[in-house]
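Here the structure comes first, spelled out in C-alpha cells, and everything after it is commentary.
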Amino acid sequence: MSLPAKPLENARPGLDEALAHDLERIDDLGLRRVLRRIDSVQDSEVDIEGRRFLLFCSNNYLGLASHPEVIEAAVAATRDYGTSAVSSRLISGHMHPHQRLERTIAEWKGCENALVFSTGYQANIGTIGALTGAGDVVISDELNHASIIDGCRLSRAAVDIYRHNDTDHLAELLAKHAGAGRVLVVTESVFSMDGDKAPLQDIAGLTRNHGAWLMVDEAHAAGVFGPGGAGLVAELGIEDKVDVRIGTLGKALASFGAYAAGSRTLIDTLVNRARSFIFTTGLPPAAAAAAGASIGIIRREPERARSLLTRSRALGLRLRAAGLEVSHVDSQILPVVIGKADDAVAVARKLLDRGIYVAAIRPPTVPEGTSRLRVSLMATHTEEQIDTLAEGLTAAAHGGSGRSQREDTADKQR
C-alpha cells in the first residue's frame, strides 16, 4: 500500500488556497463581483431572485427581447432546424437560418457580404487575427472593448494605442508606422462604457490618407443609429471608407452572436482564416432567426430608436442639472460617474433597496477613479419609470436613501 507523499515545507499553496487569497485581495479593493439571477424575460421590469425591479442596465435597447415576432421566429427555427448547429459552420453546421441572416445583414448594411460569429468576442478576436499578424500594426483606441484589446494581443501584430478619440494622436501614429506592413485602425463607433461617439469621419479620412485599413465595431450603435438602424457609419454616409464593420446580435437585436460585414473578399478571408469562426460551433438556428426578425422590426419601426435617443438625452440632462456627473448624453448609454469603486457599489445598493437595478461598473472595466453606474434606457421604459430612476439615483448619489419624494411624503403622512 503506497502512502501519500509528504508535502514539502516550502510547497506552493493548493489551488483553492491560492485562489482564496486572490479573492481576498479583490474584496479589499471593492471589486468582488457576483451573479444576479434574472427570473423573467428582460424588459423594463424584471424579476431578480424573487423580487421585482425596474431594469436600467440592460443592452435590450429597443425592447425586442420580448417582442412576439422575435420569439415566434426563434420558436419556428427551433422547430424546423433543432436546438443547435451541432458542428462548426465549415463541417455540417452551416444552415439555412445562418445564410438567410447573413444575406439580411449584408443588405441592411449595404455591404457585399457578411459572416455571423457565435459571439461578439469571437468576431473581434477572429477578424483582427485574420487580417493582421507578425510584421503588421494594429492602432487601437485606448477605450476599446476588451475583445478588441485581446484580439490585438492574439494577432501577433505590433499594437499602438491612441488616446481616446484623439485624431491628432492617431495621425501621429499613422505617420510613425508609414513603413510598416499592413496597418489596421480599430475603434468602436459608440463606446460601451461612456456612450460617446467616435469622430468616425475624421478617423476614416486619416486612415484612408495613410493607406491603412479601418475596422469599426458598431455593437452599441447597430439598431439605434443610422437609417433603418444600420449604425453610425451609415448615419455619417462613410460606408465606402470603412473596410470592416463589426456588430453584435445580442444587444439592440435581442438575440445572440455577432457579425462582420464588408466585401466578398473580406468575408471569404474570414471564412478561411478567422480561427474563432473555424473552430467553434455555429450559431443556434433560433438565434439567427431571432436576429433576422429584429432587423425587420428595426427597419420598419424607426420611431423606436428615435424615441429612445430623445428620452435618453433628456434623462442625461436632467441628471446633470441635479448635480450628477454624466459625461455624455448623445446615446442610449448614460455614464453616471461616481469615482471610487466602493462608492459606486453603495449607490447601486441604495437603488436596489428601492427596487431599481443599475449595475456598478468598476475597474478593470473602466479606469481607476471613474467607477460609475452605467444607465441604459430601453424603448419600452415608461416616463413614470424614468422619473422613478431619476429621483432615486439623484438621492442615492447625493447620500440619501434613494427613496423618492413621493415615498418620503407618504411616510410622513402615516
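The values are calculated or read from the model by the stated rules, or taken from the named source; none is laboratory data. All values reported here derive from a predicted model rather than from experimental measurement. We place every Cβ from the backbone using ideal geometry, glycine too, and count neighbours over all the protein chains shown.
A compact table of results
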item	result
Every residue from the stretch 310-367 that is in a loop (DSSP other than H, G, I, E, B), in contact with a helix residue (DSSP H, G or I) (Cβ under 6 Å, 6 or more places away or on another chain), crowded, with 17+ Cβ neighbours inside 10 Å and modelled with pLDDT of 95 or more	Leu324, Val329, Gln332, Val358
Ile105 among the β-branched types (Val, Ile, Thr), in a helix (DSSP H, G or I) and loosely packed, with under 13 Cβ neighbours inside 10 Å	no
In the stretch 273-285, the residues that are surrounded by fewer than 24 Cβ atoms within 10 Å (Cβ to Cβ) and either without any contact (Cβ under 8 Å) to a residue 40 or more places away in the chain or within 14 Å of Met95 (Cα to Cα) (or both)	Thr281
Positions within the stretch 188-202 being surrounded by 22 or more Cβ atoms within 10 Å (Cβ to Cβ) and more than 18 Å from Gly247 (Cβ to Cβ), in sequence order	Asp194
Residue in the stretch 291-298 that is part of a helix (DSSP H, G or I), out of contact with any Lys or Arg (no Cβ under 8 Å at 6 or more places or on another chain) and of a type in the set (S, T, N, Q) present	yes
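Here is a yes/no grid of residues against (1) under 29 Å from Lys340 (Cβ atoms); (2) outside any helix (DSSP H, G or I):
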{"residue": "Leu23", "(1), (2)": "yes, no"}
{"residue": "Gly30", "(1), (2)": "yes, yes"}
{"residue": "Val34", "(1), (2)": "yes, yes"}
{"residue": "Ser40", "(1), (2)": "no, yes"}
{"residue": "Asp47", "(1), (2)": "no, yes"}
{"residue": "Arg52", "(1), (2)": "no, yes"}
{"residue": "Ser58", "(1), (2)": "yes, yes"}
{"residue": "Leu62", "(1), (2)": "no, yes"}
